[in-house]
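What follows is a single structure, written as structure tokens, with notes after it.
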Amino acid sequence: MNIVAVSGYKDSGKSTLCGIMVSALSKRGLSVGYIKRTEEFVASRGDTDSGAICALGVPALLWGKDSFRFEKICSQSGNADVYSIAGMYFPQADIVILEGGKDLLLPKIWVLRENEQPPDDKGIFALYDRYGNGDGGLRYGADDLDRLVLDIAGRVKSRGSVRVYMDEKEIAMKNFVGDFIAGGVRGMLDSLKKPLNCDTSGNIRIYLDKK
């Protein structure tokens, strides 16, 4: 899975850049996921319905008029593996943009504050300076966002029609192996009785419980 972190210190403009990138990459036809990493507690309070359920160790889904929100309390969330999280919630995404994560081992775009010197981080492949201009290389400015988006899009590895995850971690496979798996699964499902309007040519998800 392709994950790029947009990192920087507070008030550097990370959220603004993430919004621009998600919009631009989506317009290029890519499926994009977005994760915002924060030190705040983000689940509902314990005196709410969903908060009380989460306190029992049971995940909760808030179903609203025009949106969903999934909540799950996890004491180990600070040490969770970002690829597992992305695989769980964005298995079909071509790329996931993670806002924050300056301490994670990920490819990073570092968003500079005015007159800031970038940190020594080998994961940084791009610097975004909204106060200056791009230099045609590592540094991108507000006048250079198209080039940055093209760079990110170029990092998206081509993926076949089949994506297999084990414990939310994607298993790499060649396209012909994926096609073999897809053909076998669709062929077996075609022989089963299916609910009305179920078409095996559409998207299919299979869940296998632990042995």
Being touching a residue at least 12 places away in the same chain (Cβ under 8 Å), in a helix (DSSP H, G or I) and surrounded by 13 or more Cβ atoms within 10 Å (Cβ to Cβ): is that true of Arg113 here?
no
If you take the residues of the stretch 39-57 that are hydroxyl-bearing (Ser, Thr, Tyr) and farther than 14 Å from Cys74 by Cα, which of them is surrounded by the fewest Cβ atoms within 10 Å (Cβ to Cβ)?
Thr48
Which ones in the stretch 109-127 are of a type in the set (Lys, Arg) and out of contact with any Ser or Thr (no Cβ under 6 Å at 6 or more places or on another chain)?
Lys122
Kindly provide the set of residues from the stretch 21-61 that are of a type in the set (Ser, Thr, Tyr), touching a residue at least 40 places away in the same chain (Cβ under 8 Å) and part of a loop (DSSP other than H, G, I, E, B), ordered by number.
Ser31, Thr38
Candidates Gly51, Gly46, Gly64, Gly57 - the one that is farther than 30 Å from Gly160 by Cα, among the small types (Gly, Ala, Ser), modelled with pLDDT of 90 or more and more than 19 Å from the chain's Cα centre (by Cα)
Gly64
Within the stretch 119-147, residues assigned to a helix (DSSP H, G or I), surrounded by 17 or more Cβ atoms within 10 Å (Cβ to Cβ) and either in contact with a Gly (Cβ under 8 Å, 6 or more places away or on another chain) or among the hydroxyl-bearing types (Ser, Thr, Tyr) (or both) come out as Asp144
Hey, any hits in the stretch 164-183 for a residue that's touching a residue at least 60 places away in the same chain (Cβ under 8 Å) and either assigned to a loop (DSSP other than H, G, I, E, B) or loosely packed, with under 14 Cβ neighbours inside 10 Å (or both)?
yes
Does the stretch 62-72 contain at least one residue that is without any contact (Cβ under 8 Å) to a residue 24 or more places away in the chain, of a type in the set (A, V, I, L, M, F, W, C) and closer than 21 Å to Gly100 by Cα?
yes
Select from the stretch 5-14 the residues that are touching a Lys or Arg at 6+ places or on another chain (Cβ under 8 Å) and outside any strand (DSSP E or B) and write down the one among them that is surrounded by the most Cβ atoms within 10 Å (Cβ to Cβ).
Gly8
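The values are calculated or read from the model by the stated rules, or taken from the named source; none is laboratory data. Just so you know, these numbers come straight off a predicted model, no measurement behind them. No Cβ is skipped: glycine too gets one built from the backbone with ideal geometry, and neighbour counts run over all protein chains shown.
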